[in-house]
Each structure stands twice: as C-alpha cells, then as structure tokens.
Amino acid sequence: MHVRFALLLLAFVGTTSCATGASAAAPRNELTVFAAASLAEAFEDVAIELERRHDGLEVRLNLAGSQTLAAQLLDGAPADVFAAADDVEMGRVVAAGRAAGPRSFASNHLVIAVEPGNPAAVTSLADLARDDLVVVLPTDAVPAGRYAAAALETAGVEVAPASLEVDVRSALGKVVLGEADAAIVYASDVAAVDGRAEAVPLPPDPGAGIGYPVAVVTDSRRPALAAEFVDLLFAETGRDLLRRHGFGAP
C-alpha cells in the first residue's frame, strides 16, 4: 500500500513527502484527496484503509492550508475529494461548481501548544501577551488563524506574534523545534507530534463548533471511489481512526 503526500508536509510530523498533485492523465488506480494540513495523520490512516479494500489503489494526499487547496481547485487542479478545516473555503469551491453536497465529518478545538513540561508556565490565553514569550500564530488566511484571532478577541487579549505561519502545522513546528514558546493550534495537531509538544487547554472552549466539511469534487475522474472515501469517514472504521487522532464527532 502506498499513500503519497504532496505540498507542505513538515518533517516534524514524521510523514513522508512525494510528488505534487496528480496529472490530468492519472492512472485508473489513483485517487487524489485534497485535505487540510491538520488532517495529515488521520487521512493517511483512512487512505490506507481504502487501499486495503482495493488492490492496487494508490491514494494521493495533497495536504496544505484550506485556502491554498481551495485556490488550487479554483484554478482547475485535478482532484477527487476536498476536505477543508472550515465552511468558508469549502463554500468558495462549492460556489464555483467544483464540489457539491459538503458534509461535516469531524470537529476539533483549540489549545495552546507549548514545549514539553511547559517551561514557560503558560496557563491561559492571557499569558500569550507576556513580553518574555515568543508566540507564533497561524495566519488569519487559514481557518486555524481565524479561529485563534477570534479566541484572542473574545478573551480581550492582544498578542504581538513573532510570526504568522502559513498553516497550523507550521505554527506548531516552531514550538516543536524550540523556536517559539507557544502557539495556538488544534488539539489534534499536538496529538500528532507524539510528546514533542504539550497542550494547554482553553476553558471555556473557544473552538467550539470548529467543523471539517468534505465533498466529492464534481469533475472527479473516480467518482465512485471518491464517494467511498467520503463514506468511510462517516463509517464506524473512519470515525474510530479520526478519534485516535484527536478529532471529535461532527
């Protein structure tokens, strides 16, 4: 079984990177899934499960920020399935006629990612305003950045981030590599790095209602397989895989 990743996969996640998006003349046994970066490990497992059911099938995962994926689809990039981290980017793709019938298949919530052991003693969003902390955030061009900005605004906290990262995994990577003291990310992202970062919860949860929609791309070259991939996300097997990677029910 071979699950190929394309675009913006980071070394600290522990996955492999292969060629970029599929060509227009994709082989019959290939399925291309465009998925938000935070879904990397969960979708790897879902893809492997689908490959197990279809001998010779290769699922290619194109992983990036939802806005990047939406832009690629709007530019005509070939794909079979699109899974986004919010309804905004999915809505753009649906409005352009490139996807239809999106359904929410998972949920997530925000946490503050810190170094193991929390040496900076971060306990709340208010701590992120401290002058002695290096804080990074995802850019508000991506869903995680918009959710983080809304959480800070709701809490009345002003943060001067050291950088605004291209996606949530890039923000988490700064903490994992010791280049930042804290970042606001999804709970599932911290779970994905196997103890190389620690999650500080944010009660009450500012990320309540964070949902992940998925849809079959309307001009998919493998519509039956694309629909099967989507259905797998709602089946017991898919839900178990998503739970293992820190995602909640839709």
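Please report the Cα spread of the chain along all three principal axes, rounded to whole Å, starting with the longest.
55, 34, 31
Pairs of Cα atoms under 8 Å, at least six residues apart: use those to get the relative contact order of the chain, whole percent. Write down the numbers at each step before the final one.
Details: 535 pairs, mean separation 66.1, N = 250.
Rounded, it is 26 percent for the chain.
If you look at just the Cα atoms of segment 110-200, how large are its Rg and its Dmax in Å?
11.4, 32
Counting other Cβ atoms within 10 Å, keep those with at most 13, restrict to DSSP loop, and tell me which GluC sites (Glu not before Pro) in segment 148-224 are left.
Working: sites: GLU153, GLU158, GLU165, GLU179, GLU198; in loops: GLU158, GLU179.
Passing both the DSSP loop test and the Cβ count: GLU158, GLU179.
Set the Förster distance to 30 Å, then compute FRET efficiency between ALA155 and ASN29 from the Cβ-Cβ distance, nearest 0.05. Mind dumping the intermediate values first?
Details: r = 49 Å, r/R0 = 1.64.
The computed FRET efficiency comes out at 0.05.
Find the relative contact order for segment 110-200 and round it to a whole percent, using C-alpha pairs within less than 8 Å whose residues are 6+ positions apart. Please list the in-between numbers first.
Working: 173 pairs, mean separation 41.1, N = 91.
Worked out over segment 110-200, it gives 45 percent.
Top mean-square fluctuation among PRO143, PRO213, PRO116, Gaussian network model of the chain, C-alpha springs under 10 Å?
Of PRO143, PRO213, PRO116, the most mobile in the Gaussian network model is PRO116.
With a length cut of 15 Å (Cα positions projected on each helix's long axis) and a Kyte-Doolittle mean of at least -1.0, go through the chain and give me the DSSP H helices that pass.
Details: long enough: 40-53 (20 Å, -0.41); 143-155 (18 Å, 0.20); 223-234 (17 Å, 1.50).
In the chain, the long hydrophobic H runs are 40-53, 143-155, 223-234.
Please compute the modelled spin-label separation between ASP140 and ASP231, points set 7 Å along Cα→Cβ, answer in nm with one decimal.
4.2 nm
Pick from ASP127, ASP87, ASP55: which residue has the top mean-square fluctuation in a GNM of the chain where Cα pairs under 10 Å get a spring?
Result: ASP55 has the largest fluctuation of those listed.
We did not get these values from a lab; they are worked out from the coordinates using the rules stated. Being a predicted model, the structure only gives us computed values, none of them experimental. As a convention, Cβ positions derive from the backbone with ideal geometry for all residues, glycine included, and neighbour counts pool all protein chains shown.
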